[in-house]
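Colleague: Mind having a look at this structure? Questions to follow.
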Amino acid sequence: MTTTPWPGEWLRGVLDLCVLAVLAEGETYGYALAARLDELGVGTIKGGTLYPLLARLEQAGHVTTRWEPGEGGPGRKYFALTAAGRTALAARADAWRTFATLTVELTSAADRRDRPEEARA
């Protein structure tokens with residue numbers, strides 16, 4: 001579980017990619033997906049954020065859904081990655097790695113410029 005919450009604008013920019021990556025591990029239902037994201041360090045994702053995102057991914061053809069009846073309780077909606085979802089994951093992951101590398105390079109250069117000379121030694 002993440003102890004320091006990530007800024008909301010960061011999560012909005014990358015949450016769909018993180019959800020696709022978790023779904024690449026295999027079919028799962030919403031609560032388990034949220035728990036896995038938290039376990040991986042993304043943080044607590046509320047249902048009001050997760051389920052609309054899953055609906056958008058389904059509309060885009062990146063995930064499929066199916067209902068599984070519950071044993072003595074409510075049923076669960078399971079989500080699975082489609083072939084189009086795997087393609088989207090690969091493309092977005094590649095683009096994100098490029099963007100993340102650029103961000104690291106830019107912020108590292110800024111850190112080096114802002115440090116006093118004695119800190120560089």
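The values are calculated or read from the model by the stated rules, or taken from the named source; none is laboratory data. Keep in mind it's a predicted model, so treat the numbers as computed, not measured. Cβ placement follows ideal geometry from the backbone for every residue including glycine, while neighbour counts extend to all protein chains displayed. Areas reflect the complete protein model, heavy atoms only, side chains present, ligands, DNA and RNA absent. Shrake-Rupley method; radii C 1.70, N 1.55, O 1.52, S 1.80 Å.
Colleague: Could you check the range 35-46 and list, in sequence order, the residues that are closer than 16 Å to residue 12 by Cβ and either among the hydrophobic types (A, V, I, L, M, F, W, C) or without any contact (Cβ under 8 Å) to a residue 40 or more places away in the chain (or both)?
Modeller: If the condition is that a residue be closer than 16 Å to residue 12 by Cβ and either among the hydrophobic types (A, V, I, L, M, F, W, C) or without any contact (Cβ under 8 Å) to a residue 40 or more places away in the chain (or both), then 37, 42, 45, 46 are the ones that fit.
Colleague: Among the residues of the range 44-55, which ones are open to solvent by 30 Å² or more (accessible area, probe 1.4 Å) and either closer than 14 Å to residue 18 by Cβ or not in a helix (DSSP H, G or I) (or both)?
Modeller: Just the residues of the range 44-55 that are open to solvent by 30 Å² or more (accessible area, probe 1.4 Å), to begin with: 44, 46-49, 51-52, 55.
Hits for the range 44-55 are 44, 46, 49.
Colleague: Suppose we filter 80, 100, 91 for residues that are open to solvent by 60 Å² or more (accessible area, probe 1.4 Å) and closer than 30 Å to residue 32 by Cβ; which single one remains?
Modeller: On the way: 80 fails: open to solvent by 60 Å² or more (accessible area, probe 1.4 Å); 100 fails: open to solvent by 60 Å² or more (accessible area, probe 1.4 Å).
Criteria check complete, one pass: 91.
Colleague: From the list 91, 84, which one is assigned to a helix (DSSP H, G or I) and touching a residue at least 24 places away in the same chain (Cβ under 8 Å)?
Modeller: Working: 91 fails: touching a residue at least 24 places away in the same chain (Cβ under 8 Å).
The conditions single out 84.
Colleague: Within the range 7-23, which residues are surrounded by 14 or more Cβ atoms within 10 Å (Cβ to Cβ) and either in a loop (DSSP other than H, G, I, E, B) or not acidic (Asp, Glu) (or both)?
Modeller: 11, 14, 15, 17, 18, 19, 20, 21, 22, 23 - these are the residues of the range 7-23 that are surrounded by 14 or more Cβ atoms within 10 Å (Cβ to Cβ) and either in a loop (DSSP other than H, G, I, E, B) or not acidic (Asp, Glu) (or both).
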